[in-house]
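Asker: My questions will all concern the structure given below.
The values are calculated or read from the model by the stated rules, or taken from the named source; none is laboratory data. Computed from a predicted model, the values in this text were never measured in an experiment. Because the Cβ atoms are built from the backbone with ideal geometry, glycine has one as well, and the counts that use them run over all protein chains shown. Just the protein is used for accessible areas: all its heavy atoms, side chains included, with ligands, DNA and RNA removed. Shrake-Rupley method; radii C 1.70, N 1.55, O 1.52, S 1.80 Å.
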Amino acid sequence: MGTVRTPRGAWIEEGLRALAAGGPDAVRVEAIAKRLGVTKGGFYGYFADRNALLEAMLDVWERESVDDVLARVAHEDGDARAKIRLAGRLTLSGDRLLPIDLAVRDWARRDEAVSERLRRVDNQRIALARELIGTFCSDPDEIEARSLLAFCLAIGSRFLAADHPGRTRADVRARASDLVLMDSWTGGRAVPTIPEWSPMTSSSPTARPAPRST
């Protein structure tokens, strides 16, 4: 009886675990082979080199982050808000995709090809948010702003170390999500003009017109 060959997917999965734990430098063929309990010779039956493994890992991450999520959302019963929340849970929650996603974002800061791939994934994610938010919000500017805020909430809050006195981070995130997905931000009332300048945006103060009421 011949020796059972380690599946290609096992190399990729172990590579993704290494990436999530230690970044791309932690993805080493010998180390992965050791964790799989095999010799590294089998690796070259699937991949030309380490770079080929890294590409295959990114392919899996992109498929699970975009294609699989879009398929699940398309089959979800419920309104647009439920679908947006589902997409967030699938892509940026849990123990699998979130650590990989954060590792890819860090990697993209130093690798132009990875940065381009991340941009493609993020563009598809925000396009989904834009489409779904557009079903209950008619203002194009507000749709874009809500989509950005939803994305920043999902990703940015992972890097925030601030406390929320008397509240859990989960409670605050849930309330912030409700605000992003509410029917109207203005309730039909005019919003005062907000200065464009702030210490974190621009060095020269300018004013912008108030957003249109929805």
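Asker: Just to be sure before I move on: is residue 106 open to solvent by 30 Å² or more (accessible area, probe 1.4 Å), among the acidic types (Asp, Glu) and either farther than 27 Å from residue 15 by Cα or not in a helix (DSSP H, G or I) (or both) in the structure I sent?
Answerer: no
Asker: Still on this model: Here are some conditions: (1) surrounded by 14 or more Cβ atoms within 10 Å (Cβ to Cβ); (2) modelled with pLDDT under 95. Residue 93 meets all but one. Which one does it not meet?
Answerer: It fails just one condition, (1).
Asker: From the set of residues in the stretch 78-89 that are part of a helix (DSSP H, G or I) and at pLDDT below 90, which is surrounded by the most Cβ atoms within 10 Å (Cβ to Cβ)?
Answerer: 88
Asker: Another question, if that's okay. Against the condition assigned to a helix (DSSP H, G or I) and out of contact with any helix residue (DSSP H, G or I) (no Cβ under 7 Å at 6 or more places or on another chain), how does residue 101 come out, does it pass?
Answerer: When the stated conditions are applied, residue 101 does not pass them.
Asker: Take the residues of the stretch 118-135 that are part of a helix (DSSP H, G or I) and of a type in the set (S, T, N, Q): which is most open to solvent (accessible area, probe 1.4 Å)?
Answerer: 123
Asker: Regarding the stretch 12-29, can at least one residue be identified that is in a loop (DSSP other than H, G, I, E, B), at pLDDT below 95, of a type outside the set (Val, Ile, Thr) and touching a Phe, Trp or Tyr at 6+ places or on another chain (Cβ under 9 Å)? Even if it seems obvious, please write down each step before you answer.
Answerer: Our first condition is that a residue be in a loop (DSSP other than H, G, I, E, B); within the stretch 12-29, this holds for 23, 27-28.
Then drop every residue that is not at pLDDT below 95, which leaves none.
Checked the stretch 12-29: no residue is in a loop (DSSP other than H, G, I, E, B), at pLDDT below 95, of a type outside the set (Val, Ile, Thr) and touching a Phe, Trp or Tyr at 6+ places or on another chain (Cβ under 9 Å).
Asker: If a residue has to be under 14 Å from residue 98 (Cβ atoms) and open to solvent by 70 Å² or more (accessible area, probe 1.4 Å) to count, how many in the stretch 142-173 make the cut?
Answerer: Count: 2.
Asker: Consider residue 116 carefully, then state whether it is farther than 25 Å from residue 152 by Cβ, of a type in the set (D, E, K, R) and at pLDDT 95 or above.
Answerer: For residue 116, the condition - farther than 25 Å from residue 152 by Cβ, of a type in the set (D, E, K, R) and at pLDDT 95 or above - is not met.
Asker: Looking only at the stretch 23-51, which residues are open to solvent by 20 Å² or more (accessible area, probe 1.4 Å) and free of Cβ contacts under 8 Å to residues at least 12 places away in the same chain?
Answerer: The answer is 25, 26, 30, 34, 37, 39, 40, 41, 44, 48, 49, 51.
Asker: Can you tell me which residue among 138, 115 is touching a Ser or Thr at 6+ places or on another chain (Cβ under 7 Å) and either of a type in the set (Val, Ile, Thr) or surrounded by fewer than 19 Cβ atoms within 10 Å (Cβ to Cβ) (or both)? Working first, answer last.
Answerer: Numbers: 115 fails: touching a Ser or Thr at 6+ places or on another chain (Cβ under 7 Å).
Testing whether each residue is touching a Ser or Thr at 6+ places or on another chain (Cβ under 7 Å) and either of a type in the set (Val, Ile, Thr) or surrounded by fewer than 19 Cβ atoms within 10 Å (Cβ to Cβ) (or both) leaves just 138.
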